[in-house]
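**Q** Could you have a look at this structure, given as structure tokens, before my questions?
The values are calculated or read from the model by the stated rules, or taken from the named source; none is laboratory data. Treat the numbers as computed from the prediction; the structure is a model and nothing was measured. Counting neighbours? That spans all protein chains shown, and the Cβs are built from the backbone with ideal geometry, glycine included. When the accessible area is computed, the model is the full protein with side chains, heavy atoms only, and any ligands, DNA or RNA have been set aside. Shrake-Rupley method; radii C 1.70, N 1.55, O 1.52, S 1.80 Å.
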Amino acid sequence: MPEINIDRSLSFIEGTQRVLDENNTLERTKDKLKSIGVTRIASITDLDRLGIPVFSTIRPSAAEGAISVYSGKGSTETQARISAMMEGFERCLAERQGLNENVKENISSIHTIDSYDNLSGNGNAINPPSLLIAENYDPQALIEWIHAWDLLKNEETFVPANSVYHPYDEPGRTLKLFRSNTNGLAAGNTIEEAIFHGLLEVIERDALSTAEFGRNPGKEIILTEEDGENYEILRKFTDNEVAVKLWALNHDTEITTVVAVTDDVRLKDAALLVMGAGAHLKPEIAVRRALTEAAQSRVVQIHGAREDTEREKFVREIGYDRIKRMNKYWYEDGEQISMKDLKDLSKTTPAESIDVIAGQLKKVTDSAVVVDLSRENVAVPVVRVIIPGFEMYTLDRERVGKRAKSGPRKKMTPQERPWRKGRRR
Ligand SMILES: Nc1ncnc2c1ncn2[C@@H]1O[C@H](COP(=O)(O)OP(=O)(O)O)[C@@H](O)[C@H]1O
Ligand SMILES: [Mg+2]
């Protein structure tokens with residue numbers, strides 16, 4: 001059944017944005033890891049000198065085309081462990097029936113193969129070009145579709161399976177639209193939590209993509225001691241000679257997305273010029289997520305357990321100084337703001353949080369689609385959220401839409417370019 005009924009009786013635990021406390025989440029899920037093929041979960045915090053908790057999850061049975069090592073972060077050990085575990089559930093349930101080695105059950109939504117022209121003549125379907133695909137797409141081409149629920153329109157619709165499953169191989173005779181990714185894939189203690197998190201992730205990627213495309217970092221957040229826990233996390237970086245710039249990205253939904261850009265001024269290692277991002281209705285949580293994700297990015301680089309080492313090869317070849325020059329806009333000073341300048345839109349229930357996001361999204365777009373990937377025999381609910389038109393340039397350089405292109409774009413100065421035209425004498 002594609003209609004998703006939001007349980008309006010659930011509330012967040014006081015002082016959190018989760019319906020269960022961390023220990024409860026851990027108790028309910030840790031025994032289930034085996035059933036999704038997770039063989040190991042371990043702290044990798046100590047690989048770095050910062051001491052911000054980072055965990056990794058190993059799932060050797062991951063389908064071909066997807067990574068088998070996941071990581072998670074948090075301001076506490078338990079939170080980092082949950083974050084890494086939940087990623088295991090997300091990735092496992094994003095694999096389709098047949099391909100999935102661990103879970104044999106199918107999702108509840110129906111699948112169909114049809115052309116957009118034909119399918120949209122009989123009902124609702126997301127038009128593939130709105131998912132930012134190559135321009136030569138033929139609306140009569142056969143595509144695989146999944147029945148989904150549109151949160152903004154409150155109606156059923158079909159969405160290309162290519163944007164739901166990861167990895168994705170198209171069934172015979174059908175068209176592959178793009179390389180699949182994990183944007184908007186989210187787990188939670190309940191499906192409401194998963195939807196909330198999935199929406200935030202898609203918004204975060206849209207904000208970050210637009211910022212990177214336009215080379216516009218937004219406003220610089222300055223934390224002070226009054227910011228409590230976030231300031232303490234920041235100090236773990238700066239006390240260890242890792243410089244951090246915190247940016248509040250511009251976004252037309254007014255939902256806060258924060259980027260933490262880090263520079264290891266002690267090691268001056270190009271691979272450690274990493275960042276973290278986080279969006280949330282509560283600005284403090286957006287900052288915390290950005291900072292802890294930046295710490296995670298460092299550990300993942302140091303760990304070297306990434307299966308995609310392309311970035312590493314690329315940055316090492318280019319070198320520390322040039323990478324910094326290329327991305328100069330993240331390292332320069334910006335217009336300064338403090339936490340109180342960021343709008344807190346948070347609520348005390350997941351249902352109201354989803355309503356707030358839907359309300360903000362309606363100002364800029366007309367569709368936000370959810371597919372329930374949960375399986376009855378797997379304890380953790382997982383969804384995929386897709387917002388047509390929203391950018392993911394930061395994940396896939398081939399997919400750029402109108403939202404990124406219509407914004408102001410700062411040109412690269414010759415110094416910022418990684419390459420040099422001609423030779424200097
Ligand atoms: N305390 C928690 N309880 C339940 N699910 C959680 C909790 N913390 C994180 N998750 C889930 O874990 C996954 C990873 O979340 P997070 O650590 O925020 O990383 P990311 O921003 O990369 O998605 C998400 O699906 C998220 O909803
Ligand atoms: Mg995620």
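**Q** I need the full set of residues from segment 248-258 which are crowded, with 18+ Cβ neighbours inside 10 Å and in contact (Cβ under 8 Å) with a residue 60 or more places away in the chain, in order please.
**A** Those that are crowded, with 18+ Cβ neighbours inside 10 Å and in contact (Cβ under 8 Å) with a residue 60 or more places away in the chain: Ala248, Thr253, Ile255, Thr256.
**Q** Being under 12 Å from the mean Cα position of the chain (by Cα) and not hydrophobic (A, V, I, L, M, F, W, C) is the filter; apply it to segment 178-203 and report the residue that is farthest from ligand 2 (Cβ to nearest atom).
**A** Across segment 178-203, the extreme among qualifying residues is Asn181.
**Q** Identify, by number, the condition in (1) away from ligand 1 (no atom under 16 Å from the Cβ); (2) open to solvent by 20 Å² or more (accessible area, probe 1.4 Å); (3) under 19 Å from Asp48 (Cβ atoms); (4) within 22 Å of the chain's Cα centre (by Cα) that Arg266 doesn't meet.
**A** Answer for Arg266: the failing condition is (4).
**Q** Please work out which one of (1) open to solvent by 40 Å² or more (accessible area, probe 1.4 Å); (2) not in a loop (DSSP other than H, G, I, E, B); (3) not acidic (Asp, Glu) is the condition Asn136 fails and give its number.
**A** Asn136 satisfies every listed condition except (2).
**Q** Let me ask something else. With Ala290, Ala271, Ala286, Ala211 as the choices, which residue is assigned to a helix (DSSP H, G or I) and at pLDDT below 95?
**A** On inspection, the qualifying residue turns out to be Ala271.
**Q** For Arg179, which of the numbered conditions (1) open to solvent by less than 40 Å² (accessible area, probe 1.4 Å); (2) part of a loop (DSSP other than H, G, I, E, B) fails to hold?
**A** Result: Arg179 fails condition (1) only.
**Q** In addition: Evaluate segment 13-29: report whether one residue or more is open to solvent by 60 Å² or more (accessible area, probe 1.4 Å), among the aliphatic types (A, V, I, L, M), more than 26 Å from Val300 (Cα to Cα) and within 16 Å of ligand 1 (Cβ to nearest atom).
**A** Looking for residues that are open to solvent by 60 Å² or more (accessible area, probe 1.4 Å), among the aliphatic types (A, V, I, L, M), more than 26 Å from Val300 (Cα to Cα) and within 16 Å of ligand 1 (Cβ to nearest atom), one finds at least one in segment 13-29, hence yes.
**Q** Would you tally the residues in segment 35-80 being of a type outside the set (Gly, Ala, Ser), within 15 Å of ligand 1 (Cβ to nearest atom) and closer than 23 Å to His166 by Cβ?
**A** Pass one, segment 35-80, residues of a type outside the set (Gly, Ala, Ser): 36, 38-41, 44-50, 52-55, 57-60, 64, 67, 69-70, 73, 76-79.
Remaining after also requiring within 15 Å of ligand 1 (Cβ to nearest atom): 36, 38, 41, 44-45, 52-55, 57, 59, 67, 69-70, 73, 76-79.
If we keep only those that are closer than 23 Å to His166 by Cβ too, we end up with 36, 38, 41, 54-55, 57, 59, 67, 69-70, 73.
Number satisfying all stated conditions: 11.
**Q** For segment 1-84, please list each of the strands (runs of 3 or more DSSP E) lying entirely inside it that holds at least 3 residues being farther than 23 Å from Ile195 by Cα.
**A** So the answer is 40-43, 54-58.
**Q** Of the residues that sit in segment 203-230 and are over 17 Å from Leu291 (Cβ atoms) and either within 11 Å of ligand 1 (Cβ to nearest atom) or charged (D, E, K, R) (or both), which one is least open to solvent (accessible area, probe 1.4 Å)?
**A** Top of the filtered list is Asp206.
**Q** Leu47 versus (1) open to solvent by less than 60 Å² (accessible area, probe 1.4 Å); (2) in contact (Cβ under 8 Å) with a residue 40 or more places away in the chain; (3) of a type in the set (A, V, I, L, M): which is the lone unmet condition?
**A** The one condition Leu47 does not meet is (1).
**Q** What number goes with the only condition from (1) within 16 Å of ligand 1 (Cβ to nearest atom); (2) hydrophobic (A, V, I, L, M, F, W, C); (3) within 19 Å of Val369 (Cβ to Cβ) that Leu152 does not pass?
**A** (1)
**Q** Right, here's the next one. Out of everything in segment 154-177 that is out of contact with any helix residue (DSSP H, G or I) (no Cβ under 9 Å at 6 or more places or on another chain) and among the small types (Gly, Ala, Ser), what residue ends up being nearest to ligand 2 (Cβ to nearest atom)?
**A** Top of the filtered list is Ala161.
**Q** For segment 214-257, which positions are touching a strand residue (DSSP E or B) at 6+ places or on another chain (Cβ under 9 Å), part of a helix (DSSP H, G or I) and closer than 21 Å to Lys410 by Cα?
**A** none
**Q** With respect to Thr257, is the statement that it is among the β-branched types (Val, Ile, Thr), closer than 27 Å to Glu398 by Cα and within 16 Å of ligand 2 (Cβ to nearest atom) true?
**A** In short, yes.
**Q** With respect to Ile146, is the statement that it is open to solvent by 10 Å² or more (accessible area, probe 1.4 Å), aliphatic (A, V, I, L, M) and either within 16 Å of ligand 2 (Cβ to nearest atom) or modelled with pLDDT of 95 or more (or both) true? Walk me through it before giving the result.
**A** Details: open to solvent by 10 Å² or more (accessible area, probe 1.4 Å): no; aliphatic (A, V, I, L, M): yes; either within 16 Å of ligand 2 (Cβ to nearest atom) or modelled with pLDDT of 95 or more (or both): yes.
Against the criterion (open to solvent by 10 Å² or more (accessible area, probe 1.4 Å), aliphatic (A, V, I, L, M) and either within 16 Å of ligand 2 (Cβ to nearest atom) or modelled with pLDDT of 95 or more (or both)), Ile146 does not qualify.
**Q** Output the residue which, of all residues in segment 231-247 that are in contact (Cβ under 8 Å) with a residue 60 or more places away in the chain and open to solvent by less than 10 Å² (accessible area, probe 1.4 Å), is nearest to Tyr331 (Cα to Cα).
**A** So the residue we want is Trp247.
**Q** Working only within segment 55-96, note down all residues that are without any contact (Cβ under 8 Å) to a residue 24 or more places away in the chain and more than 13 Å from ligand 2 (Cβ to nearest atom).
**A** Across segment 55-96, the qualifying residues are Ile58, Pro60.
**Q** What single numbered condition from (1) within 15 Å of ligand 1 (Cβ to nearest atom); (2) in a helix (DSSP H, G or I) fails to hold for Ala186?
**A** (2)
**Q** Go through (1) of a type in the set (Lys, Arg); (2) modelled with pLDDT of 95 or more; (3) exposed (fewer than 12 other Cβ atoms within 10 Å of the Cβ) and name the single condition Arg397 misses.
**A** Tallying (1) of a type in the set (Lys, Arg); (2) modelled with pLDDT of 95 or more; (3) exposed (fewer than 12 other Cβ atoms within 10 Å of the Cβ), Arg397 fails exactly one: (2).
**Q** Residues that are of a type in the set (Val, Ile, Thr) and surrounded by fewer than 18 Cβ atoms within 10 Å (Cβ to Cβ), at least 3 per element: which helices (runs of 4 or more DSSP H) completely within segment 307-348 meet that?
**A** Where helices (runs of 4 or more DSSP H) fall fully within segment 307-348, none carries at least 3 residues being of a type in the set (Val, Ile, Thr) and surrounded by fewer than 18 Cβ atoms within 10 Å (Cβ to Cβ).
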